[in-house]
1. Give me the angle, in degrees from 0 to 90, between the Cα long axis of helix B:40-52 and the longest principal axis of the Cα atoms of chain B, rounded to the nearest 10.
2. Magnitude of the Cβ-charge dipole of the protein assembly as shown, K/R +1 and D/E -1, about the Cα centre, nearest 20 debye?
3. A:K134: which lysines have alpha carbons under 26 Å from its alpha carbon, excluding same-chain residues fewer than 8 sequence positions away?
4. Restricting the count to DSSP beta bridges whose residues both fall in chain A, what percent are antiparallel, rounded to a multiple of 5?
5. Mind listing the label-point distances from B:K145 to the same position on all other copies, shortest first, one decimal in nm, points 7 Å along Cα→Cβ?
6. Cross-link candidates for A:K9: which aspartates and glutamates have Cα within less than 13 Å, leaving aside residues fewer than 8 places away along the same chain?
7. Between A:L175, A:L93, A:L232, where does the largest GNM mean-square fluctuation fall for chain A, given springs only between Cα atoms within less than 10 Å?
8. Which residue fluctuates the most in chain B, going by a Gaussian network model with Cα springs under 10 Å, if the choices are B:S184, B:S328, B:S98?
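None of the figures in this text is laboratory data; all of them are computed from the coordinates on show. Fair warning: this is a prediction, and the values are worked out from it, not measured in the lab. Cβ coordinates were reconstructed from backbone atoms using ideal geometry, including for glycine residues, and neighbour counts include every protein chain displayed.
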There are 2 protein chains.
Amino acid sequence: MKLNERKIKILEAIITDYIATAEPVGSRTIARKYDLGISPATIRNEMSDLEEMGFIEQPHTSAGRIPSQSGYRMYVDNMMHKRMLTDDEAEFLKNAISFNVNRVEYLMQQTAKALAMLTNYTTVVTEPKSSGVKIKHIQLVPVDKNTAAAVVVTENNAIKNHIIKAKNMPDADGLYRLSGKINSVLENYALDDINSDRVQEALKEFADYSELIVNVFKAVISTVRQEEDVHLYTSGVRNLLGFPEFSDVNKAKNIFQAFEEKDMLITLLGGGENTAADKIEIVIGGENKMEELKDCSIVRANYRYGKNSVGKIGIIGPTRMNYSQTVSVLDEIIRKLDTIIDAMLGGGEDGDHDG
Amino acid sequence: MKLNERKIKILEAIITDYIATAEPVGSRTIARKYDLGISPATIRNEMSDLEEMGFIEQPHTSAGRIPSQSGYRMYVDNMMHKRMLTDDEAEFLKNAISFNVNRVEYLMQQTAKALAMLTNYTTVVTEPKSSGVKIKHIQLVPVDKNTAAAVVVTENNAIKNHIIKAKNMPDADGLYRLSGKINSVLENYALDDINSDRVQEALKEFADYSELIVNVFKAVISTVRQEEDVHLYTSGVRNLLGFPEFSDVNKAKNIFQAFEEKDMLITLLGGGENTAADKIEIVIGGENKMEELKDCSIVRANYRYGKNSVGKIGIIGPTRMNYSQTVSVLDEIIRKLDTIIDAMLGGGEDGDHDG
DNA sequence: AGTTAGCACTCGTTATGATTGAGTGCTAAC
DNA sequence: GTTAGCACTCAATCATAACGAGTGCTAACT
């Protein structure tokens, strides 16, 4: 059977209507609301075909049709036209995310919140990761008799602290001089070389403090590899409660449970796999492997710093979510975020990472 | 009318039963389940009295009675006996919170989660605040042409970063020397004196960098006053969905909305008012002013570092929550937390506050 | 006096059955 | 190929009745 022009129009009508109303849509409704110039009977015949092709299904005999998973897939891949933002949406976005936040955490929180309010779905945003980033500078600051803080400044001006313990600890001046030495080592050698003779030689003045030095290098390595886990910012979880598909409290409970588990959220955002940096990806219903979220769809994308993807944004709604709006909004916010992050990290405008 | 022994027993039975079942409890049920040695008819008479006294009420004519707000209040203040932890609970707690976490954030998150799992309610925990704490040491670390990081080490070995901007910035060595000067000023003068001639005199060598210096002092002051807002850790929000009182999705939605607003949570935890450091406080139903949470009760307490309250823990459940269990668990966890925090901050064991 | 058995009464909940109406598939005519 | 017409299905709605948990009151009993 061929998916001709008319079938496409009907399928589109069914999906549009179902997205708006959450009610199965029947032939009469389509004939009335969408100007296809054909009678309900004809529509019924076409719908019968569409059902056979697997794009729509019937909850029960005497009900209208609802889109199936592959129906949505077909719509999203081939039929959905990207629409412009409405004036209201554009206006909202303009005010929601201010350029002059000076903390990454606020920016991320703000972004999550703005998206959640605009779309009325749930959003998850990761903080920008600094994995693979180069280290610009490190400085040891005295804290205690056996404790120092290693302040690591990365290439993009993010600042991370690490607590360093060692039995033997130089005084403030000693720490300052040691910092200078370590910086010159970091500048001249790869991280893998830290056990080499030449590095040992460079640091021989501080031979007494080998424990300290080893711990400092450990901290440096963990910064570069970003072994500590990323922060996630979530907003609008409660929005899902507004949708009829989750008015069953038990369903809602399962979903909420999922949202409390970080690992789950990370998988949801696409986990390890690195999707193309500038593509918006849509995961429909059961396409994600998570049982709890089988009635949800995810629209997700990476945001960038320079050319590299440094973080992810996901918008989660019912399978029947408004893909077209969601994609437009996400697209716009990604564009905006890229600019802001560029200004924040790159331009050295600001990059407060305090704790 | 007097609240005699028998009335007390009956009120207690009603509350216990209602907490367990969430169903209005009638005279026959009490006679059957609780061995009071009196007939339903007698119980009915007493219940009628209890209702007149305002401790219980009737949802409708042909239903049993449920405790009123002042009924719970009476129970909580005068009748509830603090019970021991069960073996299971004790065992769970022992495993749930590990002593060797090395980040305050993990500890708080863990605490929130453990409490939520144990009680099956929702918990909110603030991170320990360092407000009012003395500053031990400060060091400026170069970041950028116009940017430095001020690393502030407080008396209890917490470490906070602040980004400092200034048009005119000394080089690394200059920053190090300036740090030394500022430290000696901080040691010898009160923070209010920073505009005094003597302080100006002490820093005159760095007159070119007045913008930088002003910004550093601002950062120091904000650390001491803790003007930046505290982190909150929430867990088990979804638990509330399990209770029949919130099976109406709209009610649940309102509550969830409240939980997404930080200000709300802070008021919930007792906001500004400083309650006695070592008392567990119970706020029943509408006693809190928040309309959205009128069907919830809060059991809350402060945890300490040394003698000072440094943070708050709140457990939120339906008004019909198990106060007795909640209080015991909270009491135990506070005790435990005090020990851990003492070890973490005081003993200088560790206090990683990275960002 | 206090306690209790008995009973009429209330009222939410549940079960039953009838009605409605949205929607379908099929057939026959256009 | 399209459409009007019609019988059929089935969830949702509604009214009614039956049920039962619970009460308050009265009168009898200790």
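1. Approximately 40 degrees, to the nearest ten.
2. In debye, rounded to 20, the protein assembly as shown gives about 1040.
3. A:K160, A:K165, A:K181, A:K204, A:K218, A:K307, A:K312, A:K336, B:K145, B:K160, B:K165, B:K167
4. 95
5. Nearest first, the other copies' label points are 4.6 nm away.
6. Of all the aspartates and glutamates, those that pass the test against A:K9 - Cα under 13 Å, at least 8 places apart if same chain - are A:D17, A:D35, A:E46.
7. Taking springs between Cα atoms under 10 Å, the residue moving most is A:L175.
8. Between B:S184, B:S328, B:S98, it is B:S184 that shows the largest mean-square fluctuation.
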